[in-house]
Structures are given as C-alpha cells and as structure tokens.
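Some notes on the structure that comes next.
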Amino acid sequence: MATRVTFIGAGNMASAIIGGMIESGHSPSSITATSPSDAFLAPVHERYGIHTNTDNVAAVAQADVVVLAVKPQIMKEVCEGLASVVQQRRPLLISVAAGLDAETLEAWLGGDLAIVRCMPNTPALVGAGASGLYANAKVSDEQRTLATELMEAVGLVAWVEEEPLLDAVTAVSGSGPAYFFLMFEAMEEAGVRLGLPAETARRLAMQTALGAAKMAMASDKPPEELRRNVMSPGGTTERAVSRLEQGGLRQLMAEAMEECAERAREMAAELGKR
Ligand SMILES: NC(=O)C1=CN([C@@H]2O[C@H](COP(=O)(O)OP(=O)(O)OC[C@H]3O[C@@H](n4cnc5c(N)ncnc54)[C@H](OP(=O)(O)O)[C@@H]3O)[C@@H](O)[C@H]2O)C=CC1
Ligand SMILES: O=C(O)[C@@H]1CCC=N1
C-alpha cells in the first residue's frame, strides 16, 4: 500500500509540496490535508483530488507520515492536540516550520518520537524545490530514506547533521525564492524605465534567471567564471556588475541572510518556551 501522508495545514507550503508530489506521480488518494475551515479545504480537494479533513486527530489516525505545516505561532497548540494520537500511531513526523527545534516539537507531542525537520521552499510546487533536512536521534535509516524520497519527489534534498544549520538553510533556500522574486520586480521596473513593456521585461528577466540557474547547475565551472564569461572587457555587463559591487550587493546579501537566520533563532526562542 502507498505511504499515507497527512499534512496538518493546507496553506502555501503544504499546497506546494502536495502539488509537486502529485505532479511526480504520488497517488492523490494517499494524501490528506487538514485545516480548520471546510471552505478553505474545498478548493484544495477540488484542485488536487486529495482527502481533506477539518479534524487533525482523525487525519493522523490513518497516517504513516505526518507533515506539520502550520504557522510556527500555532504549532504548540496543534502538537498538543495531536500528542495522544501520535503516541499511539507513531508515524514519522516531518515539521516544515521555521525555527522550532526538534526537541521542543517532540516535547509538545508527548516525547520519544522520530522527528525530521525539513526546511522546504515553495518551488516544490513545480518540482524545483530545495529542502534542507535534519533528523533527531530517534529517526531510523528507513525513515530517513522515506523523508528523502518524499522531498526528492518535489526537488533537491540536502541533509544537515547539526540542527542549527537549518537556520542557514532557511536563509539560503527557504526564504530564498522571495529574494529572486524581488529581483524580478526590480529588473522589471528598471526594464520599464528603459522603455520596455512591463510584460516583456518580466518574461525576459524570468527566462534569464532560469537560464542562468540551469547553465550554472549543468556546468563544472564556478559561478564566478560563468559571470566573467558574460563580462566582455570594457563592455556593458562589466559596467552593470561594477555598479552592483559598488552598491554593496554582496554585503547587503550577507546582512539580509544573517537577519533571516537570526529571525529563525528569535522565533525558536519566542515560541519554544514550554
Ligand atoms: N511559505 C513558505 O515559503 C515556507 C513556509 N515554511 C513553513 O511552513 C509553515 C506554513 O507556512 P505557510 O504555508 O506559508 O502558511 P499558511 O498560512 O499559508 O498555511 C498554514 C495553514 O495552516 C492552517 N491551519 C491553521 N490552524 C490550523 C489547525 N489548528 N490545524 C490545521 N491546520 C491549521 C491554515 O488554515 P487557515 O488559513 O484556515 O487558518 C493554513 O491552511 C510555517 O511553519 C512556515 O515556517 C517553510 C518553508 C517555506
Ligand atoms: O518567512 C517565513 O517565515 C517562512 C519560512 C521560510 C520561508 N517562509
């Protein structure tokens, strides 16, 4: 029988993973998603053909894997409500919440449980996600393989052996799509200022990002060399890149990502109080 996966929460991140799983051939009938509101679940059911349920406990009672995909701020309440069924059923638990550490989640769920923390990102929806995974000591090799298979169905998987590194993963890839979307906005606005129709500037910017990522992933050359190949001496790219360097792009990126990781640590401290 197919592995039965229940998502607690059916929002942006859960929908992205569910959409990617189905796209990669996972049977919709083995997936359940929960949310407090039937009105919210109806379109999810309609769109993906999965089971939906407003009752978290009933949905977990049938699950082999439970993906905790609610906002960190309500995770304590949700976990405490699930503790009894989880202790009985003992599924593999995968939390996608930013910040919250495995020890805290395990305590909220009644203790002594296999917990994988996963930091995915929304491009999972199109099978191009990037996830960092960390397993607590109770996760078996089979369960690690199961978590890997589940997340590889929607993109790249990288395991980290030290839990705090998940905050770095959050800064790179969990929040990362937003950095590129912001870059698209900025490139579109600048393209329009240079006279292009907005739609043309947007499509060119996105295709360029896709092409650059594909090319860099297929190449054995580091990004720096690929960049230098675009920069003809005395040419246009050199002028643009020097402006970005003078404007402090690298330092700005370092600071933004440090803030991101710091926020994950703050959230853990704020929410992890038991
Ligand atoms: N968005 C992203 O790019 C990423 C998010 N994450 C993590 O994913 C998690 C979810 O984020 P995101 O999907 O963006 O948030 P959303 O707000 O989009 O989704 C949260 C979902 O949880 C549902 N929910 C609320 N209360 C309950 C409950 N008691 N039981 C079951 N479901 C409930 C909400 O339903 P309703 O709307 O009806 O309240 C909603 O469907 C967070 O912990 C976040 O840190 C991780 C990586 C990337
Ligand atoms: O912004 C957030 O808190 C979540 C976690 C990573 C991406 N979105």
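The values are calculated or read from the model by the stated rules, or taken from the named source; none is laboratory data. Keep in mind the model is a prediction, meaning the values are calculated, not measured. As a convention, Cβ positions derive from the backbone with ideal geometry for all residues, glycine included, and neighbour counts pool all protein chains shown.
Of the residues Ala128, Ala97, the single one that is closer than 19 Å to Ala16 by Cβ, of a type in the set (A, V, I, L, M), touching a residue at least 12 places away in the same chain (Cβ under 8 Å) and away from ligand 1 (no atom under 12 Å from the Cβ) is Ala128.
Report yes if Val157 is over 22 Å from Met253 (Cα atoms), in contact with a helix residue (DSSP H, G or I) (Cβ under 6 Å, 6 or more places away or on another chain) and not basic (Lys, Arg), otherwise no. Criteria met by Val157. At pLDDT 95 or above, surrounded by fewer than 16 Cβ atoms within 10 Å (Cβ to Cβ) and among the aliphatic types (A, V, I, L, M): does that describe Ala114? Against the criterion (at pLDDT 95 or above, surrounded by fewer than 16 Cβ atoms within 10 Å (Cβ to Cβ) and among the aliphatic types (A, V, I, L, M)), Ala114 does not qualify. Annotation note: of Ala97, Ala69, Ala124, Ala130, the sole residue that is within 15 Å of ligand 2 (Cβ to nearest atom) and touching a Phe, Trp or Tyr at 6+ places or on another chain (Cβ under 7 Å) is Ala69. Hey, does segment 76-92 have a residue that's near ligand 1 (Cβ under 8 Å from one of its atoms), among the acidic types (Asp, Glu), under 29 Å from Ser173 (Cα atoms) and assigned to a helix (DSSP H, G or I)? Scanning segment 76-92, I find at least one residue that is near ligand 1 (Cβ under 8 Å from one of its atoms), among the acidic types (Asp, Glu), under 29 Å from Ser173 (Cα atoms) and assigned to a helix (DSSP H, G or I), so the answer is yes.
The numbered conditions (1) of a type in the set (Lys, Arg); (2) exposed (fewer than 14 other Cβ atoms within 10 Å of the Cβ); (3) part of a helix (DSSP H, G or I) are all true for Arg263 except (2).
Of all residues in segment 149-169, those that are farther than 10 Å from Cys118 by Cα and either assigned to a helix (DSSP H, G or I) or in the same structural domain as Ala256 (by TED's automatic domain parsing) (or both) total 6.
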